[in-house]
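Since the structure comes first, as structure tokens, the remarks are kept for the end.
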Number of protein chains: 4
Amino acid sequence: MDTSTTKIKVAIIGGSGYGGSELLRILLFHPGVEIVFVTANEHAGRPVGDVHRNLLELTELCFSSMPTSVSEFDGIDAVFIALPHGHALEIAPRLPSGVKVIDLSGDFRINDVEAFREYYGLVHAGDIQKEFVYGLTETSRPVISNARRIANPGCFATATILALAPLASAGLLSGSRIVVDAKTGSSGSGAKPAANTHHPQRSNSFYAYKPFLHQHVPEIEQHLSSLGGFNGMTFMTHSMPVTRGIFASCYVQLPYEIEIDLPELYRSAYEHSFFVRIVEGSPDINWVKNTNFCDIAVHGRGRDFVVFSAIDNLVKGASGQAVQNLNLMFGLDETTGLRLTGSNP
Amino acid sequence: MDTSTTKIKVAIIGGSGYGGSELLRILLFHPGVEIVFVTANEHAGRPVGDVHRNLLELTELCFSSMPTSVSEFDGIDAVFIALPHGHALEIAPRLPSGVKVIDLSGDFRINDVEAFREYYGLVHAGDIQKEFVYGLTETSRPVISNARRIANPGCFATATILALAPLASAGLLSGSRIVVDAKTGSSGSGAKPAANTHHPQRSNSFYAYKPFLHQHVPEIEQHLSSLGGFNGMTFMTHSMPVTRGIFASCYVQLPYEIEIDLPELYRSAYEHSFFVRIVEGSPDINWVKNTNFCDIAVHGRGRDFVVFSAIDNLVKGASGQAVQNLNLMFGLDETTGLRLTGSNP
Amino acid sequence: MDTSTTKIKVAIIGGSGYGGSELLRILLFHPGVEIVFVTANEHAGRPVGDVHRNLLELTELCFSSMPTSVSEFDGIDAVFIALPHGHALEIAPRLPSGVKVIDLSGDFRINDVEAFREYYGLVHAGDIQKEFVYGLTETSRPVISNARRIANPGCFATATILALAPLASAGLLSGSRIVVDAKTGSSGSGAKPAANTHHPQRSNSFYAYKPFLHQHVPEIEQHLSSLGGFNGMTFMTHSMPVTRGIFASCYVQLPYEIEIDLPELYRSAYEHSFFVRIVEGSPDINWVKNTNFCDIAVHGRGRDFVVFSAIDNLVKGASGQAVQNLNLMFGLDETTGLRLTGSNP
Amino acid sequence: MDTSTTKIKVAIIGGSGYGGSELLRILLFHPGVEIVFVTANEHAGRPVGDVHRNLLELTELCFSSMPTSVSEFDGIDAVFIALPHGHALEIAPRLPSGVKVIDLSGDFRINDVEAFREYYGLVHAGDIQKEFVYGLTETSRPVISNARRIANPGCFATATILALAPLASAGLLSGSRIVVDAKTGSSGSGAKPAANTHHPQRSNSFYAYKPFLHQHVPEIEQHLSSLGGFNGMTFMTHSMPVTRGIFASCYVQLPYEIEIDLPELYRSAYEHSFFVRIVEGSPDINWVKNTNFCDIAVHGRGRDFVVFSAIDNLVKGASGQAVQNLNLMFGLDETTGLRLTGSNP
């Protein structure tokens, strides 16, 4: 594919939130992509740089309203949907079948009808959900490359699955006791002000929320099960007083002690994955912020393992991985437009 | 007054915001005060410690609704009003005349009808406003002691006036060019979530707002004028990414050079003011947070002076000073219940 | 004991660090205590308020040098030692036997000679260590009341043990799989600047450290074992980008499912403990900062329990608990001088 | 110049600090540059990605020692010196005359021998300093393009001069009273831990420092004087509790009132400057962090003007501007390799 002459024409539905903000930051400078339109009903007609002031004078794109006719998608190759849970359920089925779709919400991630109802409080999409491939890039490149519809993973799910996938594939999660203690920054709650993201409260806080009930549990369990034996886990979410980042501490107790070179297992599993870096000691959200990297460290003592993973919740945990999937779907190198470099400090 | 037997009976109108929160933190442990009731319509019936979780299990007080009858103020000695601008204008005139009133809003601070309309967009209270004494404690103890109604100063105004009052009283502001560059923490915007206090935005931000138009300008000018010659100033407000604190940098250029021992002028002016500390170098909001102190440093070079002041916007800049005024009005030592100690770090 | 006439005479050895800073903040206003001297060799002769600027003008106390003669402890009732690990090992044995000692370091917490060497890299104190009582107040009031020497618990240990003690006492830890994911603020690393507390690095970071090897492990295991059956745990420490606070997420998987009212178990266990508050949902470090409270929430799902606890690492996790122990040792109400109120926000 | 075949060969002297860190982040991905070596004596031999973990696996470059022989600069086109003040004074004179030099320190910025001694406490470089061009790109493109030696501006100086240059060039600073209230993030103090950047202290602090004495004063005055009439200013520096960013509030009082369209004056002045954006209301350090932008807003009321400017101290305030100057010196578009995009949030 000659990206200089034939760019992928994309539309972004939902460009005013943080998912849309990051899609814009990445796609505006992606050498193989042209953004045809980006919607934000409440900002329709306004320049993108007025709303996302980091993009001021970097694009002449303006927000448009949600298309009211299917014909507005003529010529569009791919659509990103970056809306709160529940909206893509209605929008996706109406999109032209020739348009590839990457949905950043949880609407199409869950196979189990009952689990979806329980965790999301929504009615499952039914058969149409089967058309969606779960877009955890590193574990699923072949199916993603051939997919027409992608259910992009959740931020906690991405950090957790990348941390545990090598163990799952090696059959080491079967019969193991797993505890995942996951922490997120405030941007994970979205761009809309709320009590839990009010600066005076959040700045000096750390707390747990939704004990045992976070909606990313079913997608983690579903995907890890597909990779190897898996018998459930305890998953707990916490709020950190930073803007960006997910840090997952994953504790695995094997039913028996084994001889294994853990770091080597991980290095080997991610040998061809540019965006996963196996580090010593501990990853740090500081070193992955604003990037598509997932940094992982692993330690063992007897039959107890701990795996730490760190991502930027808005990049590898959302929009970056969405673009990584777009690249695969259109035959580009998966790192195209995504070699975002973090900074020190 | 024997505080052990005859406590001051107070009511707090508006107990759910940060002003109310700090009044409760202070007054619940004030040896000379009994809180008879505290209102918060949206939380009526709920224990105070459920809303202000710092007070959990420290009080059995519950929020009540706004009184609908004057008789509910029977036996009340003093009322604090801690509501957004505009509400006290309606409430204060209806309170029994025997009840002392301390209003934390800007409703009764401004003498000039036109200035009040311009900066607050509200109709001036008229004659009743004349009953209110401006409650900047350190400059006005005698009138406060005898007052029946107090207009408690704004947070920016407190930091600025305390920084400039010794110069005003010494006649050094007359003909001087004054620039005040003031900065506030996020709690100054109140307890209600809003775009400018959304944690992901505010955490790494610093910006100016309301250039030339902040509503504390008229009260600063009015009060400094009453202390000595004063010919206006440039006053600018900025937002800091911290929860608490006001830092004011006050630049004064005299029309001529004079010989003066500035630190000595300040030490002398505040010799009997427990809550004003003259420091070397610079004050730091870190050293006054959670306390009623105002730390001040002053430097000169030729005819250029700079005065730095730091307060906690919710304590000396609001509720702490309100209680300091209450103490004076009821003949108590002004530090009673207010010897809150800051911490390191 | 008549505190107004017979105050406890205390000395603080090591007053320049954060432990010493918080001891001073508390003890200077403790109605039953008189600080006779506080040492800080590098600041000897300087006013306390020059070093801990929160205390400026609140005390006339100056730092002194470390006593060189035992006679300098004449008249002293109690000594707090707030020095880095290893120093109290040398100092404590030389103190007059009539003086009560509360050591805030780890020097005398560990009974096991080998474990002490392994985790601290120091030579165990030997028999003299047996004179020290482990000062986790809520679990050990009777022995603390009669103690002459206290090994004050570590911050992580305090949060973890208070979270798990009711389960230990109920026999529910026996045979259970336990994972503790603990997080600390930056003040836990002390007052001395270092790479891991350099503001540009720490502000946006979250990372794990010392996997499986934190020095608080042996004291937690030793003390929980003394309360009930206990078969080890996985304990992991992390760094949060806040100044104060410990948050511990404690995961307990029982060997079998049982019927139990968990919140009731906890409420009952801490019924007479003023400083432990059982809360709904999750505790938050924001609500305990600057106070001696430990807030705890507990949730269960089948045979999986999770207990969250939050403390201020410098207060309940260090100096506050030390004073709480002092109170018990001298027959005072344990809350004397410790009813520090947190703030909102 | 064909950048694909003939890259500029650069060396970085001092690659372990934040200036060096940002030079590496930019230059490693600059299409027209090849980094031949980067020195850091204390890390010699270590991979760059081990020290700046944001660059892990993004480069195979290792740190080298400071060259001991001039021949090691054979083939080098340009050298960046990113060392603390005082070092370039010794290094620059020894570099081969054919090598272009960009020094990020203050060593060669000041023409006045006495001012240099007063503000830096160092001996002036003498005649060799005259070879250095002050590298404030937007005001000095022609001389920079032809320069062999660049004294790259300080961070405060960049923010202040860009804010005031249009007024200076329009002759509006002559006779005006100027106050600059400038604020910086903690990375401005460098990568070495110190008391003023200790996380527990800095996180909740705001304070002023070096009143009237900051070393950027002479370079600001010298450069503004060269642009137009200028009669001195009051310049004050403050510390903000963020990692990155400079915010300058510049107050100008003209000797008389004039009719002028201020925003238009600024838009026109920076019409051809990609990296200066004139914004409404106020700039915010949040919108320029990690980028080479300087955002400016200007307001007037009568004869009082205020200009707000915001930059990232490490990019436009140091390494980004250094690369911008390199681009000009080698005939490249000044934005080459510098279109770093900020993020929201």
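Points worth noting:
- Remark: C:A88 falls outside the filter, which requires a residue to be within 14 Å of chain B (Cβ to nearest Cβ), touching a residue at least 12 places away in the same chain (Cβ under 8 Å) and within 24 Å of C:L122 (Cβ to Cβ).
- Filtered residue count, the range C:44-58, keeping only those that are within 25 Å of the chain's Cα centre (by Cα), more than 8 Å from chain B (Cβ to nearest Cβ) and open to solvent by 10 Å² or more (accessible area, probe 1.4 Å): 1
- The set of residues in the range B:128-145 being more than 16 Å from B:Q321 (Cα to Cα) and out of contact with any Lys or Arg (no Cβ under 6 Å at 6 or more places or on another chain) consists of B:I128, B:Q129, B:K130.
- Pick from the range B:17-34, criterion open to solvent by less than 20 Å² (accessible area, probe 1.4 Å) and not in a helix (DSSP H, G or I), ranking: nearest to C:I285 (Cα to Cα): B:H30
- Selection status of B:V323, open to solvent by less than 10 Å² (accessible area, probe 1.4 Å), within 13 Å of chain D (Cβ to nearest Cβ) and either of a type outside the set (D, E, K, R) or in contact with a Cys (Cβ under 8 Å, 6 or more places away or on another chain) (or both): no
- Of all residues in the range C:287-301, those satisfying the criterion of being within 14 Å of chain A (Cβ to nearest Cβ) and more than 23 Å from A:R177 (Cβ to Cβ) are C:W287, C:V288, C:K289, C:N290, C:T291, C:D295, C:I296.
- One residue stands out in the range A:233-254 among those that are under 17 Å from A:A159 (Cα atoms) and open to solvent by 10 Å² or more (accessible area, probe 1.4 Å): the one that is farthest from the other protein chains (Cβ to nearest Cβ), namely A:M233.
- Residue that is farthest from D:D284 (Cα to Cα), among those in the range D:205-232 that are aromatic (F, W, Y) and at the interface with another protein chain (Cβ under 7 Å from one of its Cβ atoms): D:F212
- Considering residues of the range B:162-188 that are within 14 Å of chain D (Cβ to nearest Cβ) and in contact with a Cys (Cβ under 9 Å, 6 or more places away or on another chain) only, the residue farthest from D:G342 (Cα to Cα): B:A163
- You will find that of C:D312, C:D261, C:D284, C:D304, the residue that is of a type outside the set (G, A, S), over 22 Å from C:N231 (Cβ atoms) and facing another protein chain (nearest Cβ under 8 Å) is C:D284 and no other.
- Test: residue in the range A:124-132 that is within 24 Å of A:I35 (Cα to Cα), of a type outside the set (S, T, N, Q) and modelled with pLDDT of 95 or more: yes
- Scanning the range B:178-196 for residues being more than 13 Å from B:F156 (Cβ to Cβ) and either open to solvent by 10 Å² or more (accessible area, probe 1.4 Å) or within 15 Å of the chain's Cα centre (by Cα) (or both) gives a total of 8.
- Applying the criterion of being farther than 19 Å from C:R109 by Cα and aliphatic (A, V, I, L, M) to the residues of the range C:67-94, the residue that is surrounded by the fewest Cβ atoms within 10 Å (Cβ to Cβ) is C:V70.
- Of everything in the range C:139-159 that is touching a His at 6+ places or on another chain (Cβ under 9 Å) and among the small types (G, A, S), the residue that is surrounded by the fewest Cβ atoms within 10 Å (Cβ to Cβ) is C:S140.
- Of all residues making up the range C:104-120, the number that are closer than 27 Å to C:E22 by Cα and surrounded by fewer than 22 Cβ atoms within 10 Å (Cβ to Cβ): 2
- Scanning the range B:199-227 for residues that are open to solvent by less than 20 Å² (accessible area, probe 1.4 Å) and assigned to a loop (DSSP other than H, G, I, E, B) yields B:S205, B:F206, B:F212, B:H214, B:H216.
- Answer from A:L173, A:L162, A:L167, A:L136 - the residue that is open to solvent by less than 10 Å² (accessible area, probe 1.4 Å) and outside the structural domain of A:S226 (by TED's automatic domain parsing): A:L136
- Test: residue in the range A:189-204 that is at the interface with another protein chain (Cβ under 10 Å from one of its Cβ atoms), closer than 17 Å to A:T139 by Cβ and in contact (Cβ under 8 Å) with a residue 40 or more places away in the chain: no
- Applying the criterion of at least 2 residues that are among the charged types (D, E, K, R) and in the same structural domain as B:V180 (by TED's automatic domain parsing) to the strands (runs of 3 or more DSSP E) found wholly in the range B:243-345 leaves B:294-301.
The values are calculated or read from the model by the stated rules, or taken from the named source; none is laboratory data. Because the structure is a prediction, the values reported are computed rather than measured. Here Cβ is always computed from backbone atoms with ideal geometry, including for glycine, and neighbour counts include all displayed protein chains. With ligands, DNA and RNA removed, areas are computed over all heavy atoms of the protein, side chains included. Shrake-Rupley method; radii C 1.70, N 1.55, O 1.52, S 1.80 Å.
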